[in-house]
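Notes follow the structure.
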Amino acid sequence: MIFQRPEILRPPSEHASYYLPLTSGCSNNSCTFCAYSFTNLGVRDLQDVKDEIDAMSLYMNTRMGLPGQPDIVYAILRRWDGRRVFLQDGDALVFPYPKLVESLQYLNGKFPGLERIASYATPQDVLRRSVDELKALKELKLGILYMGVESGDDVVLQRIIKGATHAEMVEAAAKVREAGILLSMTVILGLGGVQGSQQHAMETARILTEMDPDYAGALTLTLIPGTPLYQEWERGEFELITPFDSLKELRAMVENATFSDCFFSSMHASNYFAIRGSLPADRRKMLAQLNSILSKNDPALLRPEFLRGL
Ligand code: SF4
């Protein structure tokens, strides 16, 4: 498990955070659509993590650098406001628990004014931890976990080798909520292909309801060359849905998922059309926007392909 500092991939809402790597890659590097499916998990040495936290602290207090730290550390620090930290990488919650606790304690010791620490987590990472362990992390300011759920349809989850079932993801969400940690989840429009589109949309609406996250984001499937799903598509074994069909899936999710209070958006650059709002409060407005664009059926109203991104 060799550690190499990862590229910065983070949720849009973590744009102002300091990006502190604990791992590289993802422990569940099997999902057939994902760029992480090329990577192996790397686990960082605890002393390295502490050395970087020391460098962060020295710089924020004195604007001086420590030898041995890469330029990226200071590039991030120059624009950091000292409030939030995002733990890299694809599922930093997999970092061995005692080391994770020690890292967060060290970080809190150096930055007592820190407001929130965030991380990506797989459902498996969460299920591995007890609620008390998650609560202990919450005490150490782990305030939000970002989880890629992708689909609520077990057929899709199995086909993309997600490594977790619908039921397991619902169980993981319940643990996160019980620990008092915010949950942000993402789902992927189009992941069921043409054949599985309707079932993917309805089962995803169901898992959104059952997981009842604080934040939910819809992305639209973008095939990455070299991934197993891309190869399936090249062989004709997977058929992409149309942009307007992706909006029909989105409409089915907004219409059928019920939430306590969730900020739901399709603002991600992969989407053809952006909606955002609180559900259930803004459901009617969001459905009206989707119905309007679907009835016009005008491709000029969609984000052009060349502006879509991962
Ligand atoms: S768990 Fe997430 S980051 Fe890891 S391979 Fe699957 S989609 Fe990618």
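The values are calculated or read from the model by the stated rules, or taken from the named source; none is laboratory data. For clarity, every value in this text was computed on a predicted model and none was experimentally measured. No Cβ is skipped: glycine too gets one built from the backbone with ideal geometry, and neighbour counts run over all protein chains shown.
Within region 171-190, being of a type in the set (A, V, I, L, M, F, W, C) and farther than 23 Å from Glu139 by Cα holds for Val187, Ile188, Leu189. Identify all residues within region 5-34 that are in a loop (DSSP other than H, G, I, E, B), touching a Leu at 6+ places or on another chain (Cβ under 7 Å) and away from the ligand (no atom under 12 Å from the Cβ); write none if there are none. Across region 5-34, the qualifying residue is only Leu22. Just one of the listed residues (Asp89, Asp54) is within 16 Å of the ligand (Cβ to nearest atom), touching a residue at least 40 places away in the same chain (Cβ under 8 Å) and of a type in the set (Asp, Glu), namely Asp89. For region 150-173, filtering for residues that are within 16 Å of Asp125 (Cβ to Cβ), touching a residue at least 12 places away in the same chain (Cβ under 8 Å) and either out of contact with any Leu (no Cβ under 8 Å at 6 or more places or on another chain) or away from the ligand (no atom under 13 Å from the Cβ) (or both) leaves 6.
The single condition among (1) aliphatic (A, V, I, L, M); (2) at pLDDT 95 or above; (3) surrounded by fewer than 17 Cβ atoms within 10 Å (Cβ to Cβ); (4) in contact with an Asp or Glu (Cβ under 9 Å, 6 or more places away or on another chain) that Leu66 does not satisfy is (2).
Of all residues in region 35-48, exactly one satisfies the criterion of being outside any loop (DSSP other than H, G, I, E, B) and crowded, with 22+ Cβ neighbours inside 10 Å, namely Tyr36. Of all the criteria given as (1) closer than 30 Å to Leu189 by Cβ; (2) crowded, with 21+ Cβ neighbours inside 10 Å; (3) in contact with a strand residue (DSSP E or B) (Cβ under 7 Å, 6 or more places away or on another chain), the one not satisfied by Leu104 is (1).
Here Arg128 fulfils each of the conditions (1) assigned by TED's automatic domain parsing to the domain that holds Ser246; (2) surrounded by fewer than 16 Cβ atoms within 10 Å (Cβ to Cβ); (3) within 16 Å of the ligand (Cβ to nearest atom) apart from (1). Within region 114-125, is even one residue hydrophobic (A, V, I, L, M, F, W, C) and out of contact with any strand residue (DSSP E or B) (no Cβ under 7 Å at 6 or more places or on another chain)? No; the residues of region 114-125 include none that is hydrophobic (A, V, I, L, M, F, W, C) and out of contact with any strand residue (DSSP E or B) (no Cβ under 7 Å at 6 or more places or on another chain).
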